[in-house]
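Enquirer: Sending over a structure as structure tokens; questions will come in a sec.
The values are calculated or read from the model by the stated rules, or taken from the named source; none is laboratory data. This structure is a prediction, so every number in the text was calculated from the model and none was measured. Methodologically, a virtual Cβ is constructed for each residue, glycine included, from the backbone with ideal geometry; neighbour enumeration extends over all protein chains shown.
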Amino acid sequence: MMQTIFHPADSRGKVDLGWLKSYHTFSFGNYYDPARINFGALRVLNDDTVEGGEGFGDHPHDNMEIISIPLTGGLKHRDSMDNVAVISDGDIQVMSAGTGIFHEEHNDDPEEKVQFLQIWIYPNQLNVEPRYGQLTLNKAARHNKLQQILSPNPDDPGVWIYQDAWFYLGNFDKGLQCVYRLKDKSNGVYVFVINGHAEINGRQLHTRDGLGLWELETITISFFENTELLLMEIPMNF
Amino acid sequence: MENIEILVVGKHEQITRTIVRLIDGKPQWKGSAAFSVEEATRLAQRTAFKVVLLGAGLSRSESDKLREYFKIPVVQHYGGGSGLLYAEIYEALKAK
């Protein structure tokens, strides 16, 4: 029987460091809620806003698949593998932290804010060689459909990670419906509404709400406003 | 009140030391670093650890040896920084 967990936008953990405002769907940093540790292999969904010219200084990661999706503005990346790059709205960045990587991320603009989603997925292999990748997506390809932006397969559309997960972005017009069929029915689906108003299996979702669903084969999403969403198919047993 | 002693075992020295520093930043928590199974078990003979975190770089057999040796929660640490660290420790302390 289908199971769901609903995370309203205003129930998320909030952090305000001045230069950084972040909303944490799951326990992160000093925000700890034992009822909100993870959704299967999805461990972090942070909704970050960084002030102009500010950012995260050099810090380490290991054994985690870290995905960044800019929503507005540009983020400058630098890491211990000598990668230097800027990602902006329409791009996606992935790091397999593996045995260990140091990196920094700064707002590339001295004035304008940058907004981005930071997503961490538990890897299906420990201690892989660290890896960095980024890709510019064709935003037009997600109008009224789900555009695959991440998968476990290097040859598939989007970036890839060390986990059997699939991510999609979609921009849907008001009044439409979308059906998603899971690739593996033992997986779950986590839907995060970036902007708009949708309904999934009777649950109303507004901007920045999240809904996890599992023990199901398909989901139907109805759109009551023009809506931008992120859909993630995630292993529940990993 | 006694400190809660937490052992971090990992092969990446900089990251392991960063994690210990983050642990030490929390009131009543005290971190120690070990870079091998032998060093971890040696430290355990003089400190009553409450939790062991397994960091990056340990082989499966090294992780298995540590899980077998310690009779306290031994948890895989993911992420290599402050993001998940505190929740992992809170969860492990709850489980002990």
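Enquirer: Spot the failing condition for B:Pro73; the list is (1) surrounded by fewer than 21 Cβ atoms within 10 Å (Cβ to Cβ); (2) within 22 Å of A:His59 (Cα to Cα); (3) more than 9 Å from chain A (Cβ to nearest Cβ), and only one is missed.
Expert: Going through the list (1) surrounded by fewer than 21 Cβ atoms within 10 Å (Cβ to Cβ); (2) within 22 Å of A:His59 (Cα to Cα); (3) more than 9 Å from chain A (Cβ to nearest Cβ), B:Pro73 breaks only (2).
Enquirer: Do any strands (runs of 3 or more DSSP E) lying entirely in the range A:172-238 carry at least 3 residues that are touching a residue at least 24 places away in the same chain (Cβ under 8 Å) and over 16 Å from A:Phe39 (Cβ atoms), and which ones are they? Quick ask: steps written out before the conclusion?
Expert: Details: elements: A:177-181, A:187-195, A:197-200, A:203-206, A:210-214, A:218-223, A:227-235.
In the range A:172-238, the matching strands (runs of 3 or more DSSP E) lie at A:177-181, A:197-200, A:218-223.
Enquirer: Confirm whether B:Tyr78 is within 14 Å of chain A (Cβ to nearest Cβ) and crowded, with 19+ Cβ neighbours inside 10 Å. Walk me through it before giving the result.
Expert: Working: within 14 Å of chain A (Cβ to nearest Cβ): yes; crowded, with 19+ Cβ neighbours inside 10 Å: yes.
For B:Tyr78, the condition - within 14 Å of chain A (Cβ to nearest Cβ) and crowded, with 19+ Cβ neighbours inside 10 Å - is met.
Enquirer: Residues to consider are B:Leu43, B:Leu7; find the one that is surrounded by 21 or more Cβ atoms within 10 Å (Cβ to Cβ) and at pLDDT 95 or above. First the steps, then the outcome.
Expert: Values: B:Leu43 fails: surrounded by 21 or more Cβ atoms within 10 Å (Cβ to Cβ).
Checking each option against the conditions leaves just B:Leu7.
Enquirer: Restricting to the range A:12-50, count the residues that are more than 9 Å from chain B (Cβ to nearest Cβ) and not basic (Lys, Arg).
Expert: Number satisfying all stated conditions: 22.
Enquirer: Oh, and also: Kindly evaluate B:Ala87 against the criterion of being more than 8 Å from chain A (Cβ to nearest Cβ) and among the hydrophobic types (A, V, I, L, M, F, W, C). Give the steps one after another, and end with the answer.
Expert: On the way: more than 8 Å from chain A (Cβ to nearest Cβ): no; among the hydrophobic types (A, V, I, L, M, F, W, C): yes.
No: the conditions fail for B:Ala87.
Enquirer: Restricting to the range A:17-59, give me the number of residues that are in a loop (DSSP other than H, G, I, E, B) and closer than 15 Å to A:Glu105 by Cβ.
Expert: Kept after step one, since they are in a loop (DSSP other than H, G, I, E, B), are these residues of the range A:17-59: A:17-19, A:25-27, A:29-30, A:32-38, A:40-41, A:51-54.
Narrowing the set further to residues that are closer than 15 Å to A:Glu105 by Cβ leaves A:17, A:19, A:51-54.
Qualifying residue count, the range A:17-59: 6.
Enquirer: Output the residues belonging to the range B:1-35 that are away from chain A (no Cβ under 12 Å), in contact (Cβ under 8 Å) with a residue 12 or more places away in the chain and under 26 Å from A:Phe102 (Cα atoms).
Expert: Correct list: B:Ile6, B:Leu7, B:Val9, B:Val20, B:Ile23, B:Trp29, B:Lys30, B:Gly31, B:Ser32, B:Ala33, B:Ala34, B:Phe35.
Enquirer: Within the set of pairs 6+ apart or on separate chains, which have a first residue in the range A:76-105 that is within 14 Å of chain B (Cβ to nearest Cβ) and closer than 20 Å to B:Gly83 by Cβ, a second that is hydrophobic (A, V, I, L, M, F, W, C) and not in a strand (DSSP E or B), and C-beta atoms under 7 Å apart?
Expert: Cβ pairs passing all conditions: A:Ser96/A:Val128; A:Ser96/A:Ile161; A:Ala97/A:Met64; A:Gly98/A:Val128; A:Thr99/B:Ala56; A:Gly100/B:Ile15; A:Gly100/B:Ala56; A:Ile101/A:Met81.
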